[in-house]
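The values are calculated or read from the model by the stated rules, or taken from the named source; none is laboratory data. Remember, it's a predicted structure, so these values are computed and weren't measured experimentally. Reconstructed Cβ throughout: ideal geometry from the backbone, glycine too, with neighbour counts over all protein chains shown.
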Amino acid sequence: METKIKESNFWFFFNLIGKKTMDVTNNLGAAVIFFTLSFLRIFRRKQFREIVQQVFYIGAKSSNIVILVGLFTGMVLGLQLFYTLNKFGSQGVLGSVVALTLIRELGPVLTAIMITARAGSAMTAELGNLRISEQIDALYTMRIDPQQYLISPRIAAAIISFPLLTAFFDLIGIIGGYLTGVVLLGVDKGAYFYRIHAYVDIVDIGGGFIKSLVFAVLVSTICCYHGYFTHFRTDSFGSRSVSLSTTSAVVFSCVTILISDYIVTSFLM
């Protein structure tokens, strides 16, 4: 009897793993198809007005939080790196270390996380509400493609906004490092900017922009996918499904940002 119980638990465990693996594979494949179809629909008709509206919402309205986080990130970096470099007598390279850390790593990652928290969650909630209120179904009845009307402008706007906000974050962060290192701690101003000019290459800047584009595709796809297919959730329905979809989209986006950051960095090194 005990042997049969152990065997049943053994097979139940592997059945559970197999089911979860198939669910993840199916969702991943569906998300890839969802992004591909939505991305191709960007070029099927003129959507300039809708894209501009989404750029304003995703990009311009996220600029305040990007400025705030970028400024204090640069200031904290300047403070911490100054005391670290001071132990080795290398305070003069503070500018290059701050700039490279922001441009290559922290700028794209923190910008993507901030946009996810603010705009990504709103995208999921909005699309989820449209789905449960049957407004997306109404678009079908009017022979309007919902993906082209709702999803494509958001993906295009994310691809435009993420690199711009990342560059903005990097610039504000370098200024924050200047405020801490030069103004407060007395590092030579000429050495600070000279090291940035000498050690930051176009390859470093390009790598940061590549990351921001990857994050833009991932975040916009994940958030739109969770909102668009809210009605397929089996753990809840109605308004609660929208809240759970929003939470899942934000958490999954943040985790995906960190995982993809490592993968992209390993290719760019």
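For this structure, a couple of remarks:
- Matching option when the condition is under 22 Å from the mean Cα position of the chain (by Cα), aromatic (Phe, Trp, Tyr) and more than 30 Å from residue 104 (Cβ to Cβ), among 140, 228: 228
- Residues that are at pLDDT below 80, more than 27 Å from residue 162 (Cα to Cα) and outside any loop (DSSP other than H, G, I, E, B) do not occur anywhere in region 69-84.
- Against the numbered list (1) buried (at least 22 other Cβ atoms within 10 Å of the Cβ); (2) under 23 Å from residue 49 (Cβ atoms); (3) within 14 Å of the chain's Cα centre (by Cα); (4) of a type outside the set (Phe, Trp, Tyr), residue 159 comes up short only at (1).
Listed here are the residues, each with its yes/no results for (1) among the aromatic types (Phe, Trp, Tyr); (2) farther than 30 Å from residue 189 by Cβ; (3) in a loop (DSSP other than H, G, I, E, B).
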site: 34; (1), (2), (3): yes, yes, no
site: 49; (1), (2), (3): no, yes, no
site: 65; (1), (2), (3): no, no, no
site: 122; (1), (2), (3): no, yes, no
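- Hits in region 126-155 (condition: hydrophobic (A, V, I, L, M, F, W, C) and assigned to a helix (DSSP H, G or I)): 127, 130, 132, 136, 138, 139, 150, 151, 155
- Residue match in region 207-222 (condition: of a type in the set (D, E, K, R), farther than 11 Å from residue 116 by Cα and touching a helix residue (DSSP H, G or I) at 6+ places or on another chain (Cβ under 6 Å)): yes
- Residues in region 183-210 that are over 28 Å from residue 83 (Cβ atoms) and of a type outside the set (Phe, Trp, Tyr) were compared, and the one that is surrounded by the most Cβ atoms within 10 Å (Cβ to Cβ) is 210.
- For region 36-47, filtering for residues that are surrounded by fewer than 16 Cβ atoms within 10 Å (Cβ to Cβ) and in a helix (DSSP H, G or I) leaves 4.
- Residue under evaluation residue 86, criteria (1) farther than 14 Å from residue 170 by Cα; (2) touching a Cys at 6+ places or on another chain (Cβ under 9 Å); (3) not hydroxyl-bearing (Ser, Thr, Tyr), criterion not met: (2)
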